[in-house]
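Beneath this line is the structure, given in C-alpha cells, with notes to follow.
All of the numbers you see were taken from the coordinates with simple rules; none came from a lab. Everything quoted here is computed from the prediction, not taken from an experiment. Positions of Cβ are backbone-derived with ideal geometry, glycine not excepted, and every protein chain shown enters the neighbour counts.
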Amino acid sequence: MQKDVIVETRKLTKIYRDFWGRQKKTALRALNIEIRQGEVFGLLGPNGSGKTTTVKLLLGLLYPTDGEAFVFGKPAADVGKNERIGYLPEESYLYRFLDAEETLDFYGRLFNLPASQRRTKAQELIEKVGLKADRKRPLREYSKGMRQRIGLAQALINDPDLIILDEPTSGLDPLGARWMKDLICDLRALGKTVIMCSHRLEDVQDVCDRIAILNEGELQAYGEVQTLLQDHRRIELRASDLQLSDDLRRDLEELLRKHGGKLDTIGHPTTTLEDYFLRIVEESKAHPGRRFLPGKEPLPRTEKVMRSESIAPTEGESTTRITDRG
Amino acid sequence: MFAVLTFDRDPVQYQDVPAQLFSWIQSAGGWAAFGVLVWLLAGYTRMRAEDRARIPVWQKRVFAASVGVSLLAYLIAGGAWLTQYVPRIKAETAIATYFFSLIIGGVGALAAAGLPFAVGLSSLRFRRIWALAKLSFKEAVRNRVLYGFSAILLVFLFGSWFIPYKPEYQVRSYVGVVYWMMKVLLLVTAIIVAAFSIPTDIRRQTIHTIVTKPVERFEIVLGRFFGFTALMTLVLLLMTSVSVIYVLRGVDPAAAEESLKAREPLYGTLHFENTGNKEKGTNVGREWDYRSYITAASPNQEPQYAVWDFAEAPSFLADRDSVRCEFAFDIYRTTKGFENRGVSCKFEFQTAHFNERDKDSYNADRSRWLSKGGLFSQKDLDDWLDGYRTRLTNLSLGPLELNERLDKKRLRLIAQPLPGDPPQYRLSDAAIEDELAEEYGYYVVPAKDITDYHTLYIDVPAGLFRNALQARAGAGARPLLQVRVSVTQQSATQYVGMAKYDLYWRLDDPKSGHEKAAFTLNFYKGAFGLWLRLCLVIGLAVALSTYLSGVISMLVAGMLYLGGGALDYIQSIAQGTAPGGGPMEALVRLANRQVALIPLEDSTAATLATSTDVVFRWFIRRVLDLIPDVDRYDLTSYVGEGFNIPWTQLVLDCGALSLYLLPWFVAAYYLLKWREIAGPT
C-alpha cells in the first residue's frame, strides 16, 4: 500500500445469503479502489449499485464475502481504525430523545474524550453547524436538515482524518447543500480525506476530486473527475467585453476553419440555477423586508430605500419587478 | 400459622460452594464444549484464510491445547461411564474418574471458549460503557417507561380493602402483596425494556453511529445491562422505601409482636429417639412429610424425643441474662384433648458437661433453693458451695481452676447482701435458675403448652451457655448443647410434629428494642433478592437480544424465568422421579389407560418407552442448565415471617447469579461480534 493511500479495497466482494446459505444477491463484485489522503472521493451509482454496501464494508458494519478492505492500513473489521473516522449515515440515525449538546457529549464519550474537551468541542461544532439556538431542543423536534447538521457535527467530534458521508446533501435545501459542499471543501483544505456517496451528480461534480461509478455491484468508471468529464473533441472559448454580432460570428468561423475546426454554438453563457438561487437569497438577506412583486426590475442593485407599493401586473407584461418596503 | 419459616431445601452455606462450583464447571463446560465443536465445524471451516492468519499464534496454541485437554478428558469420562458395564472395575473408582474427568474437560472447554472473550475484555473502556449505560437510562426515562410504576399506587391506596386483615396474617400479607406487586411491575418492565433495546437500535440503525466509533460491541451489551439495572435499582429503592413505610404504618401490635422483627436464628440438627428411625419420627399420615411426629410414652412404648444438637454457639450469648429459644410445632390430635389448652411438652436443655446422674441432684437443689423465697443465710450459701465443690472435684479439674470457679460463684452469690446480723443475701429466682444452669449444664421446663403453629419461646438462663462454653474437658464427642423435647403424659394421646428449622436459638437479643429497625433492614435485604432477579432478567434479555428479535428475546427470557419457577418439577422429570415417567412412558400409560402410580407391565412397548425416556431425560438435564434457579432469590418468606436474611445467603446468591449470567454474556459477546450489524438495505 502506498504511503498516502488511506483506503484500499482488494477484490472486495459482498454476497448476501439467506438463512440456509443460499445466494440472494451479489451486492458488490471484486471492487479494487484506492483513496488517497487529502482528496474528496465520490462513490456514484444508481440505487442498488453497491455504493452504500461499499461504505458499510469499509466501516465494518458488514463483513466481506471475499477480498479485503483496509482503512489506515488496518482491516475494516478492526475497531481501532474508527478512532480516526467520522461517519455520517444517509439518514442521520441519532437518538431523538437527546438534545444537540447531549448527543455530542455522548459521542464524545465513545471516543474516550475527557469532559472539558467534550464540552469545548461540542460548543464549537454546534456553532459551526449553526444549531446554537436549538442546542437544547430534543432531536425529535428537528427538521431533516437540522438532523443532518447535528449528524455531521457528531461525525466531526473526534476531529477525524477520514470522513465518510452517505448522501450528505439529501434532505437539505439548496442553502444547506451549498453549506455542506463548502464544508467538504474546507475539510479538504485542512488535509482531511472525504468519501461521499451521492445521487446528486452536480454535488459530486462540484466537490469531488476523484470518483468511482458503480452499477450492479461492479466498478464501471474510476478516476479524476476532470479527466473523466473532459470532452477532448471540443474546445470551449470564453470572452468578455464583446457584443454578439454577425461579424463576430463570421470572423470566428473563418479563424476556426483556418485551424481545421468548426464553430458549433456562440452565445451568452447561463449561470446555474443554484448560483442564481443563492444570489437571490443572499441579497434578500441584505435587504430585509424586500419582497417579490410582479412587473418590477428583477434585482435592483442600489441600496435606495423605496416606499412599498402594490402593483398589479398589467396585461401582456412578462418581466418581474422587485420593490423594497421602507 | 404465622412466623414459621419452612425450607424446601437447606439454606445455602459457604461449605456448599465447592460442590456447586464443580457442578457449574461440568454443566457450563459441557455447553462450552458444544459451542467450540459447532464453531470448529461451522465457523472455522468457513473462515477465510486471511482472517485465520490474523489470529495471534499464542492464541491458536492456547486454544488448541485447551481443546486437546478437554477432548482427552471427555474421552476418559466416556470410558469411565462405559466401565459400569464391566463388573471387574470398582464402581467408586469409575465414578470418581468420571466426575473428575468431566471437571477437567469442562475447564478445558471453558478455557477454549472463553479465551477470545477474555482477550477482548482488555479492550473495554469504562467511559464508553458508562456513556452507553447513561444513554440506556435516559432512553427509558424519557420514553416515559417509569409511568408504569405508578400502578403500585393502587396497592397503597386500595390494598387494605383486599389484603386479609387478621392481625396474625397482617405482616405476612402486606409484605407478600407489596413484594408481589413490585416483582410483577419491575420484572415485566425490565424484561420488555431490556429485550427491545438492542433490536430497536439495529432496526432504527442508531447502532450504526455507535459501532462506527471505537466501541467494542460487547460494551453495548454491558452498557445496556448496567443502564437498565441502574434504572431499575433506583426504582426498586424508591418503591421499597415507600413500601416499608406502608407496611410499618398501622401494623397491628399482635402482628408486630410475631413478625415485625428480624430474628437471627441459630439452627441445630434434629434427630429422634425411640421412634425406630433416627431420621424420622412417627408418620401420622400427613401428605406433606416435612415434619416428623413424636408422642408421649405409653405402656409398651418408651417416651419419644426430638433432639436438636448444637455443635457451636457464639460466646456473646453467655453474656446475656437469658437466651431465647423459639419454636413453632405442628400438632396432630388423635383426641380432642382439653378445651383451650395446648399440648404439653417437656423441654430439657443440656450441655456437653451435663451428667445424666446429676438430674435428681439438680431437681433437689432447684426445689430447695427456690423455696427460700429469695433470701439466703450464710449457711445456705456454704451448703450450696460445698455441693458445687463436690461436683467440681469429680471433674478432675486442677486446684487453681477449681478455686477460681468457686470464688467466682461465691462472689456472685453474695453480690446482694442485706443489712443486718446475721448477714443475709438476696437472690432472685432468675438468678437461682441461672446459677443452677451454669453449675449443672442443665435447665428444664417440665411442661410447656404448645399451640398449633404458633411461635412460642422459652427464655433459658444464660448460665447454661456459660457452662456449655467452658473448656470441653471430659465432654467427649457430645454436642455442645442439646435441646430435648418430649410430649408429657398430660397429653399422652397427642402427636407433636417438628422439623429441623422449627426450633432455634435467637442470636439477636429480643429485648434490645431494635426489632423495628432490624425488620426495616431486613425488608431492604428482601428487596435485594428482587434486585438479583431483576439483574437476571435484564442480563438474559439483553444477551438474547444480541441475536434474536425483541419479541422473541422477551418471550425466551420470560419462559426461562417462568421455567425457573417450576425448576423442582422439571428436575423431577430430568431425574426420572416424577410420577408417570417421561413423555413416552406417559404416552404408553395414556394408551393403556394406566394410572401414574402403578408400575408399568413388562412389555416391548413399555421397555421401548422407558428406554426412549432415558435419552429424553438426558436432553432435559441439558436444558435444565439453562434454566435459572429463580426461587433461591425469593426472600419474601424471610421478611414476611420475621426472620433475618443472612448475609451469607446474599453473598452466595450474588455469586450464583454471576455464574449463571457469565455464559450468557460470553455467548452474547460472540453473537454480537460475529453479527453483521447492517442489512442488505
Theoretical gain in end-to-end length, B:SER241 to B:ASN394 [0.36 nm per residue, Cα-Cα removed]: 49.1 nm
Charge-dipole axis of chain B as Lys and Arg at +1 and Asp and Glu at -1 on Cβ define it, positive-most pick from B:LEU37, B:PRO510, B:PRO56: B:PRO56
Taking the C-alpha atoms of chain A, convex hull volume expressed per residue in Å³: 234
Principal-axis tilt of helix B:126-142 within chain B, Cα atoms, nearest 10 degrees: 90
Shielding of A:188-201 by partner chains, average beta-carbon count, 10 Å: 0
Mean Cβ count within 10 Å, highest first, over the residues of peptides B:658-666, A:134-142: B:658-666, A:134-142
Backbone HN-Hα couplings from phi across region A:22-39 [Karplus 6.51/-1.76/1.60, Hz, Gly and Pro as x]: 7, 5, 9, 7, 8, 7, 8, 10, 6, 7, 10, 9, 9, 10, 9, 4, x, 10
Sparse-neighbourhood loop sites, GluC sites (Glu not before Pro) in region B:542-644 - DSSP loop, at most 15 other Cβ within 10 angstrom: B:GLU601
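As an exercise, use a Förster radius of 22 Å and the Cβ-Cβ distance of B:GLU339 and B:ALA447 to find the FRET efficiency, rounded to the nearest 0.05. Present the calculation step by step, with values, prior to reporting the outcome.
Details: r = 17 Å, r/R0 = 0.79.
After rounding, the FRET efficiency stands at 0.80.
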Helix-only CD estimate at 222 nm, as mean residue ellipticity for chain B, using -39500 (n - 2.57) per DSSP H run (n ≥ 4): -18500 deg cm²/dmol
Inter-chain shielding of A:75-83 (mean C-beta neighbours from other protein chains, 10 Å cut-off): 3
DSSP-assigned coil residues among trypsin sites (Lys or Arg not before Pro) in region B:192-275, each with at most 16 further Cβ atoms within 10 Å: B:ARG249
Placed amide H near A:ILE33: partners under 5 Å, 5+ positions off or other chain: A:THR9
R0 of 25 Å, Cβ-Cβ distance A:THR270-A:ARG36: FRET efficiency to nearest 0.05: 0.10
Segments B:364-372, B:101-109, A:224-232, A:61-69 sorted - mean Cβ within 10 Å per residue, highest first: B:101-109, A:61-69, B:364-372, A:224-232
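Express as a percent, rounded to the nearest 5, the fraction of DSSP beta bridges in the protein assembly as shown (both residues included) that run antiparallel. Show your work: numbers first, answer last.
Details: 77 of 95 bridges.
Restricted to the protein assembly as shown, the bridges split so that about 80 percent are antiparallel.
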Distance (nanometres) between label positions extended 7 Å along Cα→Cβ at A:LEU190 and B:LEU626: 5.0
Distance (nanometres) between label positions extended 7 Å along Cα→Cβ at B:GLN489 and B:VAL651: 5.2
Largest-first principal axis extents, alpha carbons of the protein assembly as shown, Å: 155, 83, 65
With 10 Å bins from 0: P(r) over chain B, alpha-carbon pairs, percent: 3, 11, 17, 19, 18, 15, 9, 5, 2, 0, 0
FRET efficiency, 1/(1 + (r/R0)^6) with R0 60 Å, evaluated for A:GLN205 and B:TRP58 via beta carbons: 0.70
Dipole magnitude (debye, nearest 20) for chain B, charges at Cβ of Lys, Arg, Asp, Glu: 3100
Bridge type composition, chain A - antiparallel percent by DSSP, nearest 5: 60
Region B:16-121 - convex hull of the alpha-carbon atoms, volume per residue in Å³: 110
Calculated from backbone phi, Karplus (6.51, -1.76, 1.60) coupling profile of region A:111-121 in Hz, x at Gly/Pro: 8, 6, 6, x, 4, 5, 5, 5, 4, 4, 5
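Output the peptides B:442-455, A:148-161, B:13-26 sorted from most to least packed, where packing is the average of other Cβ atoms within 10 Å over each peptide's residues. Intermediate results must be reported in sequence, preceding the final value.
Details: B:442-455: 17.6, A:148-161: 22.4, B:13-26: 13.1.
Final packing ranking: A:148-161, B:442-455, B:13-26.
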Candidates A:GLU216, A:GLU202, A:GLU282: whichever shows maximal mean-square fluctuation once chain A is modelled as a Gaussian network with Cα springs under 10 Å: A:GLU282
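Would you compute, from DSSP H runs of 4+ residues alone, the mean residue ellipticity of chain A at 222 nm, taking -39500 (n - 2.57) per run and dividing by the full residue count, rounded to the nearest 500? Working shown, then result.
Numbers: 9 runs with 101 residues, N = 326.
Estimated from H runs of four or more residues: -9500 deg cm²/dmol.
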Proximal aspartates and glutamates relative to A:LYS136, as straight alpha-carbon distance under 20 Å, when same-chain residues fewer than 8 apart are discounted: A:ASP99, A:GLU101, A:GLU102, A:ASP105, A:GLU124, A:GLU127, B:GLU139
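Please compute, for peptide A:59-71, the average count of beta-carbon atoms on other protein chains lying within 10 Å of each residue's beta-carbon. All intermediate terms of the calculation are to be shown ahead of the outcome.
On the way: counts 5, 6, 9, 5, 7, 3, 1, 2, 2, 3, 0, 0, 0.
Counting Cβ atoms of other protein chains within 10 Å of each residue's Cβ and averaging gives 3.
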Cut-off under 5 Å, modelled amide H: who pairs with B:VAL323 long-range: B:VAL460, B:ALA462
Length gained when the stretch B:ASP407-B:ARG142 is fully extended (0.36 nm per residue, less Cα-Cα span): 87.9 nm
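Could you give the length gained by full extension between B:TYR85 and B:ASN283, i.e. 0.36 nm per residue of separation minus their alpha carbon distance, to one decimal place? Let's see the in-between values first.
Working: separation 198, 0.36 × 198 = 71.28 nm, distance 3.93 nm.
Answer, rounded to one decimal: 67.4 nm.
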Phi to ³J(HN,Hα) by Karplus 6.51 cos²θ - 1.76 cosθ + 1.60 over region B:559-565, Hz, x for Gly, Pro: 5, 4, 5, 5, x, x, x
